[in-house]
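The values are calculated or read from the model by the stated rules, or taken from the named source; none is laboratory data. Here the structure is a predicted model, which is why all the values come from computation and not from measurement. Cβ: placed from backbone, ideal geometry, glycine included. Neighbour counts: every protein chain shown. To get the accessible areas, we keep the full protein, side chains included, count just its heavy atoms, and leave off ligands, DNA and RNA. Shrake-Rupley method; radii C 1.70, N 1.55, O 1.52, S 1.80 Å.
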Amino acid sequence: MDTVKQQPLTGSVVRNKQGAGSLAPWLWTGGALLVFIILSAGIGPVAIPPNTVVRMLLSRIPFLDLSVNWRASFETILFEIRLPHTVLMALIGMALAGSGAAYQGLFRNPLADPYIIGVASGAGLAAVLSMAVSWPVSLLSIITVPLAAFIGALVTVALVYSLARVGRSTPITSLILAGVAVSAFMSALTSLIMLLATHELHRAIGWLFGGFGLGGWEPVIASLPYLAVGLGILILLARPLNVLQFGDIQAKQLGLNVERFKLAIIISASLVAATAVSFAGIIGFVGLIVPHLVRLIWGPDYRRLIPLATIGGGAFLLATDILARIAMAPRQLPVGVVTAIIGAPFFLWLLRRTKKNVSYW
Amino acid sequence: MKILEFHQASFGYNKVPVLRNLSLTVHPGEVLAVVGPNGVGKSTLVKAASGIIPLFNGKITINDQDIGQMTDAERARYISVVPQATHLPGAFSALDVVLMGRTPYLGWLEPENERDRLIALQAMERTHTIDLADRPVGELSGGEQQCVLIARALAQAAPVMLLDEPTAHLDLRHQDNVLKLVRELAIENNLTVLITLHDLNLVSYFSDRVALLSNGKLKKIGLPDEVLNPDDLAQVYGIHIRVVPHPFHGKPLVLANG
């Protein structure tokens, strides 16, 4: 802000109205994430009170001496079952919302999301294909499934985008139509493959609806590198993504290599979305709802939107996952079902709102 | 000192040329207005000169450097473009928009620094938009938005500025303000300015030279007094036209009488 002081004339106006430096959005999203992590780790057939969860977590910090006053079985439940599941869910939510925000910026379309533009189904199809080959789940499939899903995601996004393109733009309606059609086709193929591989049918169905067979820390460790790289790139590319909001022509006239930049975003977002799909199946609407709420509340600047949506996405998916676990306890609902039940009405509301006016977009 | 030159350039869409073998030169400190009927290719010319569409043949140069050989960032450091103020992402603040003019100087991963910010603020001061810095551009009037876009082009610090119909949706006063600003900038910053305009009377008053396009070709180029004559205009626009001296300043006043 030094320059502002040098310029008395301009000093008074150079306050960012949305408080670019303000901590509030980070505290809200980060706080929500933390709260839901603690709740999620505690909720289950054997309930662990939140304060005990916090104490147990703190006890793992070296040199911090806490008196152990919880049951020994809690250790196993928390650190080997609940926490890995919780962290994985948080990561998946972050991946879906972060990639959703990036797709929306890329297509300059408020309805783009890994699920709606068909990327998730494409990744799902490729993942099921690779599962059918390298069955049963082994250490190898933990590498091949995400890779296959990534390729499936890229192929699908290219297909949907080229189908939806009218001249130099991608209208909302054609993007959704192309996404729905491609998505339906991919899902049908997925079902077909699962029917043919009957012996693994139950597993695959469970996986597809967002319940992952693998427990423990393995999927967390396996997905973390892909997500860190992909989301890291998306967060770093947020400034040029802002420039792209003026359209391809202006962005190019402003000196952005639009073609190469879009490719970088597509690859990173698809890597992230595909990783989410290969470790948690197809979970819809998270990538749609969370970026929109963030945009509504804190504005369209992708430099904040992508990281905030990422954090918020983790919190949101954890919240729905908690709901899925307690709504019909002891039965556990697939989290994808819950996000769809919440998400579909939101989507319709958004569609109507978009028709009228998108002043915040 | 940067001279913008078209050398026998042909360009258009889908292999169909819109303008053929166009040769013209724009000098530093000069405002060249490009006029012609709807669809003659004025906007296409701006797109070709800013590297948006490739040339079929010929070349466009800045001081003999072919813009077709430049990267997007290199070209954007030579040429800034002021588009029509329509379809702006309205939630960005005016300052955010102007800061995007710094894009050609920043790597993908690089944030704007204080110097970029200072340049953007100076550009806003010069275009009288500094008071709007914090306002979302979507809330600004058409005239204000257009001035913000001119500030963005100024922040680009390019020696050549192209403007595509910057007065299209503005009222009389804002038309006047915007074009006066462009004139002043051309002189102050020794900018090479090419501007497409519909209103021939604005052209007459604000431009140094006029290029009249017709049927895919450059029909005539020269001083407003030479180009804005009833015979050529009647031929190009296909209606009767009279040209009389403007009662205020004596420059050509173009009147259509149907």
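Listing for the model above:
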{"item": "Stretchable slack from A:Trp217 to A:Ala181, in nm (0.36 nm times residue separation minus alpha-carbon distance)", "result": "9.3 nm"}
{"item": "Positions from region B:72-94 whose accessible area shrinks by 30 Å² or more when the full protein complex is built, not the chain alone, probe 1.4 Å", "result": "B:Asp72, B:Val81, B:Pro89, B:Ala91, B:Phe92"}
{"item": "Spacing of the two label points (7 Å from each Cα toward its C-beta) at A:Ile193 and B:Ile3, in nm", "result": "6.3"}
{"item": "Mean projected area in nm² (Cα convex hull; one quarter of hull surface) for region B:105-147", "result": "3.7"}
{"item": "Inter-centroid distance (Cα atoms) of region A:34-52 relative to region A:277-341, Å", "result": "19"}
{"item": "Value of [θ]222 nm, deg cm²/dmol, for chain B, DSSP H segments ≥ 4, -39500 (n - 2.57) each, nearest 500", "result": "-9500 deg cm²/dmol"}
{"item": "Relative compactness, region A:205-306, computed as alpha-carbon Rg over 2.2 N^0.38 Å", "result": "1.26"}
{"item": "Whole-angstrom gap from region B:126-191 to region A:228-271, using each part's C-alpha centre", "result": "27"}
{"item": "Accessible surface, per residue, of the protein assembly as shown when the full set of protein chains is kept, probe 1.4 Å, Å²", "result": "43"}
{"item": "More than 20 Å apart - percent of Cα-Cα pairs taken over region B:122-222", "result": "39"}
{"item": "Interface burial for B against A (accessible surface, 1.4 Å probe, total of both chains, Å², rounded to 100)", "result": "3600"}
{"item": "Extension gain, A:Leu224 back to A:Val166 (0.36 nm per residue minus Cα-Cα distance, nm)", "result": "17.2 nm"}
{"item": "Chain B: angle of helix B:114-126 to the longest principal axis, Cα-based, in degrees nearest 10", "result": "40"}
{"item": "Spatial separation of Cα centroids for region B:100-125 and region B:19-41, in angstrom", "result": "30"}
{"item": "Square roots of 5 times each gyration tensor eigenvalue, C-alpha, region B:149-205, largest first, Å", "result": "19, 12, 10"}
{"item": "Full-stretch length increase - B:Asn113, B:Asp208 - with 0.36 nm per residue and alpha-carbon distance subtracted", "result": "30.5 nm"}
{"item": "Residues in region A:266-290 reached by a label modelled at A:Ile143 [backbone nitrogen below 14 Å; 7 Å Cα→Cβ]", "result": "none"}
{"item": "Selected from B:Gly142, B:Gly107, B:Gly51 as most flexible by GNM, with chain B as the system and alpha-carbon contacts under 10 Å", "result": "B:Gly107"}
{"item": "Antiparallel bridge percentage (DSSP; both residues within the protein assembly as shown; nearest 5)", "result": "60"}
{"item": "Cβ-derived FRET efficiency at R0 35 Å, B:Asn190 paired with B:Phe56, nearest 0.05", "result": "0.65"}
{"item": "Region B:13-86: relative contact order in percent, alpha carbon pairs under 8 Å with at least 6 residues between", "result": "25"}
{"item": "Distance between modelled label sites at B:Thr86 and A:Asn69, nm, 7 Å Cα→Cβ extension", "result": "7.1"}
{"item": "Relative frequency of Cα-Cα separations exceeding 20 Å in region B:1-124, percent", "result": "53"}
{"item": "B:Lys59 accessible area, assembled protein chains, probe 1.4 Å, Å²", "result": "90"}
{"item": "Of all DSSP beta bridges in chain B, antiparallel share, percent nearest 5", "result": "60"}
{"item": "Hydrodynamic radius by Kirkwood, which averages 1/r over all alpha carbon pairs of the protein assembly as shown, in angstrom", "result": "27.1"}
{"item": "Column: log10 I(q)/I(0), Debye, Cα scatterers of region A:32-108, q = 0.11, 0.15, 0.21, 0.26 Å⁻¹", "result": "-0.37, -0.59, -0.92, -1.22"}
{"item": "Kirkwood hydrodynamic radius of chain B, Cα pairs, Å", "result": "18.8"}
{"item": "Distance in nm between pseudo-label sites at B:Ser23 and A:Leu236 (7 Å out along the Cβ direction from Cα)", "result": "4.9"}
{"item": "Total formal charge among the other residues, if their Cβ is under 13 angstrom from that of A:Ile37, Lys/Arg +1 and Asp/Glu -1", "result": "0"}
{"item": "Share of carbon and sulfur in the accessible heavy-atom surface of the protein assembly as shown [1.4 Å probe, %]", "result": "63"}
{"item": "Efficiency of FRET between A:Trp26 and B:Lys180 - r from beta-carbon atoms, R0 35 angstrom, step 0.05", "result": "0.20"}
{"item": "Listed peptides B:91-99, A:307-315 by packing density, highest first (mean Cβ within 10 Å)", "result": "A:307-315, B:91-99"}
{"item": "Solvent-accessible ranking of A:Ile193, B:Ile221, A:Ile326, largest area first, probe 1.4 Å", "result": "A:Ile326, B:Ile221, A:Ile193"}
{"item": "Values of log10 I(q)/I(0), in the order q = 0.19, 0.26, 0.28, 0.29 Å⁻¹, for region A:252-316 under a Debye, Cα-only, solvent-free model", "result": "-0.87, -1.14, -1.18, -1.19"}
